[in-house]
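Notes for the one structure printed next.
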Amino acid sequence: MFGIAKDKKGGEEDEKLILPLLPLRDIVVFPHMVVPLFVGRENSINALAEAMNRDKRVFLATQKRAQVDRPGFKDIHRTGTLGTVLQLLRLPDGTVKALVEGKARGDIKEFISEENHFQVEVDILAEPQMSDTEAEALKRAIHETFTAYAKINKNIPKDLLQNVQTVSDPSQLADTVAAHFNFQIKDKQRLLETVSPADRMTLLLELMRAEIAINEMEHKIKGRVKEQMEKTQRQYYLNEQIRAIKKEMGEDDQSGEFQELERRVKKKRMPKEAAQRVRQELKKLKMMSPMSAEATVVRNYIDWFLAVPWYEKSKVRLDVDEAEKILEEDHYGLEKPKERILEYLSVQALVKKIRGPILCLVGPPGVGKTSLAKSVARATNREFVRLSLGGVRDEAEIRGHRRTYIGALPGKILQSLKKAGVSNPVMCLDEVDKMSMDFRGDPSAALLEVLDPEQNYAFNDHYLDVDYDLSDVLFITTANTLPEIPLPLQDRMEIIRIPGYTEYDKFNIARGFLLPKQAKLNGLDEETIKFSDNAIYEIIRKYTREAGVRNLEREIAAICRKAARKIVSDPERNAVQISAQSVEKMLGPPRFRYGQMEEVDRIGLAMGLAWTQVGGEILSVETITMPGKGDVSITGKLGDVMKESAQAAVTYVRARAPRLGLDPEFHKKLDIHIHIPEGAIPKDGPSAGITMCTAIVSALTNRPVRRDLAMTGEITLRGRVLPIGGLKEKILAAHRAGVREVLIPDENEKDLRDIPQKISRHVKITPVSHMDEVLEHALVLKEGEKLFTDEKLPFECVTPPKTLEGGRPGLQIN
């Protein structure tokens, strides 16, 4: 069936236009367009032959995917062009050349399959009319845009430009211009599918302008590339001429520079592997143009090999007495770090080769960790370099970048060694706990090799790419908190904890170090400004609250400045006396409340002890009971651990109610409110357990708590008192507040050796193992009054605790 078929249905005749289908690859044929087609597929040749045998009409539709050799119905766009075959020529290779002219747009209504080619039923698409004004405006815009495109695209013939100018029909103009633009197939298909001339011309303008913008950018890029190539070739040519002229005149500077570089390489002592690498790079450098970018990279690489100290070393001072004297001059206290350094020097005096220790000083800010590292360098007569790791998050900061990157450099370790000029400095890795990680790597993992004495003798930096011996370096790392340091890194270091300074330590540091230093910086001396002991204690207690001495030094500096002003303002004044009273005049009202004990014994008020990063503190625990339903309220911005300790204390009291003489049903009739003052300050930890329990018992039994007694310890449900941390700082806080006796867990007796004798002479320290002992010491009883009744409880310990493996005690409950 071919041509026009008539179908009678319901008394009406419908004409069907059935045409052979020619699938096209990588081309869209528009109406009013004459195009040659080379056809090689058998089905397509048969379709053309069928068209020639009939009325020469054929339907041209583009394939959705050009790589499909045997397209089906789903592989062909439904909108195409009704065309006429003007000429058909068979070529010797079996293909056919057809000259086809597009006539009108059409939609495939139905595919009719034939054995040797496709036939389709086609609907001719009628184009809507457009206003003359709109048509004229769009025609002008297309003419202008096409003219602009022809100026930048030399492939557009001049006669085509003239022909376009003569086309008056808007639809024909749009199709003619679209056919000669280098659009993508999908964009040409969109234009073909747009039936409305106005919409088609608008879309065409949009595509034309985008294509012009792309062409202009391509021309700019080609122009820049061409200009750069010409400039580079010209520079190379001129450089070669200059070299030739200098060579003729005997002034070849480049050869002289190479000779100097070779002399430095021969003179530099370095390992065999490094020397071989440098000679290879030097040989490569001689073959390069001196102005090339690669030559600069190679030259920098060689310079780094020559700058890094391979065998240069400082002569280490092995006089232990002299080193101890220097350490004592620079720092007060800090016995453990000083002892470890002196042990290292003693061993090195006996052994020729010893790997440097890896020390990690952990302590709060301002206690002298970094300055101690400087003192170690001075005591051992080594160079000192400091590498701050705070905020470092790139592994390349430690290991360096590979040479392939632009601007690559060695890591901070080798840069610091270059700065020191020797291979055995004291290297302080500051703030090792402040490192972080991101997509660029984990710097703490890179430090594992640096800080491992078993590996760092062959440290490999990515930039140099040869092994470097770091075993002679004395590494000292500093950190504020230990949990922030990864465990594998902790395992490679010797941890030395530096606690906060005591009040007595701060007094001696201020008197021996800070006062002379600030007096000198402010143009004073020991004769022109004199501090009384009470004045120094006043500054420490009421104007600073820190573990270190940085703020203390600032306050002393402020007083020195005011003293200098007084001396300058009054020429007759020769000296300024600083007393406790004059401190407040110079520094203003006290900034901090100095912890003091209560004036009288009170019911429901017990004194606990707390540890902070800036030292110990007094912790008051208040408890009040009131008629209610047995609710327990815990306030004071407490953490979960502290709240759980309060619950454990309440449970213990309920269990001991009969022995304490309390109504066993008191928890159903009374509400208990536990409050720890200074509610804006977060508090947490288990060490206030016995303090809260004492306050609860005091409130329930109406017995006051001794005002001159403080306590610290964790409580269990059975009443055992477990050990706590920060004992030294807590006892110092108790002494500062005027407390006469402190109750501590008996398992903390081993920590009493850290308490200064000056403190232990004034504060009685009583170890306790059970809550009953705490209550007997803490509560004030009337004469002849007994705290406990004789009633026996079923869960009391009647046998001593067993000792488990490793010396860990375990409860024996009967």
Spatial separation of Cα centroids for region 510-569 and region 387-418, in angstrom: 41
Going highest first, how would you order 702-712, 501-511 by mean Cβ packing within 10 Å? 702-712, 501-511
Expressed as a whole number of Å, what is the distance separating the alpha-carbon centroids of region 9-81 and region 303-368? 91
Sorting check: for 666-672, 87-93, which peptide has the highest mean count of neighbouring beta carbons within 10 Å, and how do the rest follow? 666-672, 87-93
Using 5 Å bins from zero, what percent of all Cα-Cα pairs in region 57-142 falls into each bin? 3, 11, 15, 17, 20, 12, 9, 6, 4, 2, 0
Quick one: 3J(HN,Hα) in Hz for region 78-94, Karplus 6.51/-1.76/1.60 with θ = phi - 60°, rounded, Gly and Pro as x. 7, 9, x, 10, 7, x, 10, 7, 7, 8, 9, 9, 8, 9, x, 7, x
What are the aspartates and glutamates whose alpha-carbon lies under 16 Å from the alpha-carbon of K668, with same-chain residues fewer than 8 places away excluded? D631
Tell me the mean residue ellipticity at 222 nm calculated for the chain from its helices only (DSSP H runs of n ≥ 4, each -39500 (n - 2.57), averaged over every residue, nearest 500). -12500 deg cm²/dmol
Taking square-rooted eigenvalues a ≥ b ≥ c of the alpha carbon gyration tensor, is region 458-611 rounded, prolate or oblate, where a/c under 1.5 means rounded and, failing that, a/b exceeding b/c means prolate? oblate
Among A688, M711, A649, the residue whose Cα sits farthest towards the positive end of the charge dipole of region 581-715, when +1 is placed on the Cβ of each Lys and Arg and -1 on the Cβ of each Asp and Glu, is A649
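Kirkwood Rh and Cα-based Rg: tell me the resulting Rg over Rh for region 468-549, rounded to two decimals. Please report the intermediate quantities before stating the final value.
Numbers: Rg = 18.9 Å, Rh = 16.2 Å.
Using Cα coordinates only, the ratio equals 1.16.
Could you work out the relative contact order of the chain, using alpha carbon pairs under 8 angstrom and six or more residues apart, expressed as a whole percent? The partial results should precede the final answer.
Numbers: 1402 pairs, mean separation 53.3, N = 814.
Taking the mean separation of contacting Cα pairs over the length of the chain, I get 7 percent.
Nothing charged except the Cβ atoms of Lys and Arg (+1) and of Asp and Glu (-1): what's the magnitude of the dipole of region 256-295 about its Cα centre? Round to the nearest 20 debye.
Values: 12 positive and 6 negative charges, 70 e Å.
Here the size comes out at about 340 debye.
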In percent, how large is the relative contact order of region 449-552, given Cα pairs closer than 8 Å and 6 or more residues apart? 19
Size-normalised alpha-carbon gyration radius of the chain, reference 2.2 N^0.38 Å: 1.66
How far apart, in nm, are the 7 Å Cα→Cβ label points at I152 and K750? 8.3
In nm, the gap between the two label points placed 7 Å beyond Cα toward Cβ at S196 and L89 is 4.3
Evaluate the relative contact order of region 91-235 (contact order divided by residue number), counting alpha-carbon pairs under 8 angstrom at least 6 apart; express in whole percent. 22
With region 316-467 reduced to its Cα atoms and the Debye formula applied, log10 I(q)/I(0) at q = 0.09, 0.16 1/Å amounts to -0.32, -0.96
Could you tell me the extents of region 173-326's C-alpha atoms along the three principal axes, largest first, rounded to whole Å? 100, 60, 27
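Percent of accessible area on region 471-543 owned by carbon and sulfur, 1.4 Å probe? Mind showing how you got there, number by number?
Working: 1600 of 3330 Å².
Using a 1.4 Å probe with all protein chains present, region 471-543 comes out at 48 percent carbon and sulfur.
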Accessible area per residue, 1.4 Å probe, Å², for the chain: what's the number? 54
Label points 7 Å out from Cα along the Cβ direction at V316 and D123: separation in nm? 9.5
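What FRET efficiency would be calculated for the residue pair A244, E281, taking the C-beta separation as r and a Förster radius of 35 Å, to the nearest 0.05?
Values: r = 26 Å, r/R0 = 0.75.
In this case the efficiency is close to 0.85.
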Please count, across region 510-657, the pairs of lysine residues with Cα atoms under 21 Å apart that sit 8 or more places apart or on different chains. 15
What aspartates and glutamates sit close enough to K315 to cross-link, taking a C-alpha to C-alpha distance under 17 Å and skipping anything fewer than 8 places away on the same chain? E383, D472
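Roughly speaking, what is the stretch gain from R140 to D640, that is 0.36 nm per residue apart minus the C-alpha to C-alpha distance, in nm to one decimal? If you can, show how the numbers build up before the last one.
On the way: separation 500, 0.36 × 500 = 180.00 nm, distance 7.91 nm.
Length gained, R140 through D640: 172.1 nm.
Rounded, prolate or oblate for region 160-220? Axes are the square roots of the Cα gyration tensor eigenvalues, ordered a ≥ b ≥ c, and the cut-off for rounded is a/c under 1.5.
Values: a/c = 2.16, a/b = 1.31, b/c = 1.65.
Since a/c reaches 1.5 but b/c is at least a/b, the shape of region 160-220 is classed as oblate.
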Which value, in debye to the nearest 20, describes the size of the charge dipole of region 416-481 about its Cα centre when Lys and Arg Cβ atoms bear +1, Asp and Glu Cβ atoms bear -1, and nothing else is charged? 280
Within region 69-96: backbone nitrogen closer than 14 Å to the D26 label point (7 Å, Cα to C-beta): 69
What residues qualify as long-range amide H neighbours of V768, i.e. H under 5 Å apart, gap of 5 or more or another chain, H built at 1.01 Å from N? I744, D746
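With 20 Å as the limit, write out which pairs from K325/K419; K103/K188; K730/K758; K283/K418 have Cα-Cα distances beyond it, or answer none. Present the calculation step by step, with values, prior to reporting the outcome.
Working: K325/K419 28 Å; K103/K188 17 Å; K730/K758 15 Å; K283/K418 25 Å.
Those over the limit are K325/K419; K283/K418.
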Output the peptides 73-84, 630-641, 684-695 sorted from most to least packed, where packing is the average of other Cβ atoms within 10 Å over each peptide's residues. 684-695, 73-84, 630-641
Estimate the FRET efficiency between Y405 and K374 by the formula 1/(1 + (r/R0)^6), using the beta-carbon distance for r and 35 Å for R0, to the nearest 0.05. 0.50
Projecting each Cα onto the charge dipole of the chain (Lys/Arg +1, Asp/Glu -1 at the beta carbon, about the Cα centre), which of L334, P309, L88 comes out farthest on the positive side? P309
Counting only residues 5 or more apart in sequence or on a different chain, those whose built amide H sits under 5 Å from that of L619 are G608, L609, A610
Just the accessible area for E622, please: 1.4 Å probe, Å², rounded to the nearest 10? 80
If you project the alpha carbons of region 118-172 onto the principal axes, what extent comes out on each, in Å, largest first? 43, 36, 16
If you average the alpha carbon positions of region 204-239 and of region 115-191, how far apart do those two centres end up, in angstrom? 29
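Extension gain R70-I495, at 0.36 nm per residue separation less the Cα-Cα distance, in nm? Display every interim value, and only then the final one.
Values: separation 425, 0.36 × 425 = 153.00 nm, distance 7.65 nm.
The span from R70 to I495 would gain 145.3 nm if fully extended.
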Using all Cα-Cα distances in region 611-711, what percent lands in each 5 angstrom bin from 0 up to the longest? 2, 12, 24, 26, 19, 11, 4, 2, 1
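The values are calculated or read from the model by the stated rules, or taken from the named source; none is laboratory data. These numbers come from a predicted model, not from an experiment. Positions of Cβ are generated from backbone atoms using ideal geometry, with glycine treated the same way; all protein chains shown enter the neighbour counts. Note: accessible area is taken over every heavy atom of the protein model, side chains too, but ligands, DNA and RNA are not part of it. Shrake-Rupley method; radii C 1.70, N 1.55, O 1.52, S 1.80 Å.
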